[in-house]
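Note sheet for the following structure.
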Amino acid sequence: MAQQYPVSPIDLHMHSMASDGTMTPADLVQRVHGAGVRVMALTDHDNTAGLEEAAIQAEALDIRLIPGVEISSEWETQGIHIVGLFVDPKNSVLQEGLSRIMAFRDWRAMEIDRLLANAGIPGAEAGARAMAGSRMVGRSHFGRWLVREGRCADANEAFGKYLGRGCKAYVPSNWIPMTEVVGWIHAAGGYAVLAHPGRYKLSGTRLRALLSAFRDAGGVGLEVCTGSQAAGDREHLGRLAQQLGMAGSVGSDFHGPDAGHAAIGHLLPLPDGVEPVWERAGIHLY
């Protein structure tokens, strides 16, 4: 079970069924309200399709919704995720870029389907799309389908046997370079934040190099406190943020009530001395 902390009034990383979450955007906002969070960002993977529905519910419940997106990217062959906060979802540069990623995701889904069929498991793409309930289909949807079909006991087995690197249905990713993705976010008036840096399997030297390159490309911050990396990363990442002149962000990376990571808003506060990314954007909570 994910470790629980006192509820933070702000949570800037969560997902709905518009990507790989398990709740509709409206239901997610309702859950945010029930949790006591006052400011939220919806950051679905590689699309902004859930923002309109979320905005309607957020207005009804007096929740401040920050429009966001989590974009799949790459730095020196290392896959990374970049959260765009305060983006204009109607911006053409951003949407054209996201369309490129979604086209790749569609191709990858067909390839995974072909490889699973070769392994004696037909019908995977149709099953994964049914699990997703939206345009965006990722490996997690294939994993859920494999579990539902009784092919695997859980998601860990699905990735360890079929979907993970080197496995029977693994398809290498071909993500957009980091500098280009940051450019899309800037074009949309947003703030680029490196998602869950503690999750990347990098040495201390390589992590610092990534953060420096991200900052030099125009990235403004990094997630210091998030439900998808170890709580012990907080102090180290906070020091790096201060040393590199970057802002800090917090986010549960919530995907659903039974999807692991932290519950909505159950986050440690930023370490003292770390500038909150929301204050850099003009939001003062206290």
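Points worth noting:
- Criterion (more than 17 Å from the chain's Cα centre (by Cα) and crowded, with 20+ Cβ neighbours inside 10 Å) met by exactly one of 58, 35: 58
- Any chance residue 50 is modelled with pLDDT of 95 or more and surrounded by 24 or more Cβ atoms within 10 Å (Cβ to Cβ): yes
- Looking across the range 224-244, the residues that are under 15 Å from residue 207 (Cα atoms), open to solvent by less than 40 Å² (accessible area, probe 1.4 Å) and in contact with a Leu (Cβ under 7 Å, 6 or more places away or on another chain) come down to 224, 237, 238, 240, 241, 244.
- Residues being among the hydrophobic types (A, V, I, L, M, F, W, C), within 19 Å of residue 68 (Cβ to Cβ) and open to solvent by less than 20 Å² (accessible area, probe 1.4 Å) - total across the range 265-277: 2
- Annotation note: Cβ proximity below 9 Å between a residue of the range 43-64 that is over 25 Å from residue 100 (Cα atoms) and a residue that is surrounded by 18 or more Cβ atoms within 10 Å (Cβ to Cβ) and polar (S, T, N, Q) (sequence gap 6+ or interchain) occurs for 63/57.
- Number of positions in the range 204-223 that are open to solvent by 10 Å² or more (accessible area, probe 1.4 Å) and either at pLDDT 95 or above or among the basic types (Lys, Arg) (or both): 12
- Qualifying residue in the range 182-199 (condition: closer than 28 Å to residue 144 by Cβ, within 16 Å of the chain's Cα centre (by Cα), modelled with pLDDT of 90 or more and assigned to a loop (DSSP other than H, G, I, E, B)): yes
- Only a single criterion out of (1) touching a Lys or Arg at 6+ places or on another chain (Cβ under 9 Å); (2) over 20 Å from residue 82 (Cβ atoms); (3) not charged (D, E, K, R); (4) not in a helix (DSSP H, G or I) is not satisfied by residue 58, namely (4).
- For residue 71: the one exception among (1) within 25 Å of residue 137 (Cα to Cα); (2) modelled with pLDDT under 95; (3) of a type in the set (Val, Ile, Thr): (2)
- Some residue of the range 268-282 being at pLDDT 95 or above, part of a loop (DSSP other than H, G, I, E, B) and within 18 Å of the chain's Cα centre (by Cα): no
- Scanning the range 126-170 for residues that are over 12 Å from residue 109 (Cβ atoms), touching a residue at least 12 places away in the same chain (Cβ under 8 Å) and either over 21 Å from the mean Cα position of the chain (by Cα) or loosely packed, with under 15 Cβ neighbours inside 10 Å (or both) yields 130, 133, 146, 148, 149, 151, 162, 168.
- Of everything listed in (1) over 16 Å from residue 165 (Cα atoms); (2) surrounded by 15 or more Cβ atoms within 10 Å (Cβ to Cβ), the single unmet condition for residue 110 is (2).
- Residues that are over 12 Å from residue 200 (Cα atoms) and of a type outside the set (Gly, Ala, Ser), drawn from the range 78-88: 82, 83, 85, 86, 87, 88
- Test result for residue 40, open to solvent by less than 40 Å² (accessible area, probe 1.4 Å), more than 18 Å from residue 186 (Cα to Cα) and in contact with a helix residue (DSSP H, G or I) (Cβ under 7 Å, 6 or more places away or on another chain): yes
The values are calculated or read from the model by the stated rules, or taken from the named source; none is laboratory data. What you see is a predicted model; the values in this text were computed from it and never measured. Because the Cβ atoms are built from the backbone with ideal geometry, glycine has one as well, and the counts that use them run over all protein chains shown. Side chains included, ligands, DNA and RNA excluded: accessible areas come from the protein's heavy atoms. Shrake-Rupley method; radii C 1.70, N 1.55, O 1.52, S 1.80 Å.
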